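The values are calculated or read from the model by the stated rules, or taken from the named source; none is laboratory data. Everything numeric in this text was worked out from a predicted model, so none of it was measured. Counting neighbours? That spans all protein chains shown, and the Cβs are built from the backbone with ideal geometry, glycine included.
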Amino acid sequence: MRNKLDRFRENAESENVIEPGKAIFETIKGRWHAYFGNDNPIILELGCGKGEYTIGLARLFPEKNYIGVDVKGARIWAGSQTAMEEGFSNVAFLRIRILEIENFVQENEVDEIWITFPDPRPRVRDIKRRLTSTRFLDIYKRLLKPGGWLHLKTDNAPLYEFTLDLLKEREDVATLNYTDDFHRSDFPEKELNILTGYEQRYLEQQKNIKYIKTSFLKE
């Protein structure tokens, strides 16, 4: 088992990890298609952790590009190594705080955004830190192309209800689909069946997996 320092060194040497200290870190905004070397759709996973969902998506849809975003370098290392071992040229990892994402992704640059099992931030004083709070939803709207999708998967009922209420109140929501029990729903998206370690544990605890899929009206 590599320790954190070993992982940090390997991240520094890995072309699929974009992080502070690398020249590309300062110039990547608006240039993701050039980075991947194609014009294929770009999908973000925010708070990707070890990159399980990012890698799972890349396996299902090799014709798309994936960027896993997380602030923890030791977590990103796992996804980076798996991507290299499996020969994925369509996967990258960006080590930043999610609130900084607009410094690295241009408006209308991405086709989809995934948020999978985020910290629900249950305390009232942490509402603004929830990844589906109004300020984050506004950011996602700017980053997404017209018709682009925002996805949320969570086991947390209060976060699900909080997010759903916010979206129902907005006047710029174009499409809103949701279920409080995905595994008993008729949603056709096969990518929803990707199971991270978190989701496997929640299913073993007989928790319902909740899902929201929405798009925004763009001016």
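Before moving on, here are some points about what is shown:
- Of everything in region 77-135 that is assigned to a helix (DSSP H, G or I), under 24 Å from Arg7 (Cα atoms) and acidic (Asp, Glu), the residue that is farthest from the chain's Cα centre (by Cα) is Glu85.
- Qualifying residue in region 168-184 (condition: at pLDDT below 95, surrounded by fewer than 20 Cβ atoms within 10 Å (Cβ to Cβ) and out of contact with any strand residue (DSSP E or B) (no Cβ under 8 Å at 6 or more places or on another chain)): yes
- The residues of region 186-207 that are surrounded by fewer than 16 Cβ atoms within 10 Å (Cβ to Cβ) and among the polar types (S, T, N, Q), listed by number, are Asn193, Gln200, Gln205, Gln206.
- Note on region 194-219: residues that are assigned to a strand (DSSP E or B), within 13 Å of Tyr140 (Cβ to Cβ) and out of contact with any His (no Cβ under 6 Å at 6 or more places or on another chain) amount to 4.
- Qualifying residue in region 26-33 (condition: of a type in the set (A, V, I, L, M), modelled with pLDDT of 95 or more and either part of a helix (DSSP H, G or I) or closer than 23 Å to Gly147 by Cα (or both)): no
Yes/no per residue for (1) modelled with pLDDT under 95; (2) buried (at least 20 other Cβ atoms within 10 Å of the Cβ); (3) among the aromatic types (Phe, Trp, Tyr):
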position	(1), (2), (3)
Trp114	no, yes, yes
Asp119	yes, no, no
Val124	yes, no, no
Ser133	no, no, no
Lys145	no, no, no
Gly148	no, yes, no
Asp155	yes, no, no
Tyr160	no, yes, yes
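- Scanning region 60-76 for residues that are among the charged types (D, E, K, R) and in a strand (DSSP E or B) yields one hit, Asp70.
- One residue from Tyr35, Tyr53, Tyr66 being in contact with a strand residue (DSSP E or B) (Cβ under 9 Å, 6 or more places away or on another chain) and more than 23 Å from Phe117 (Cβ to Cβ): Tyr35
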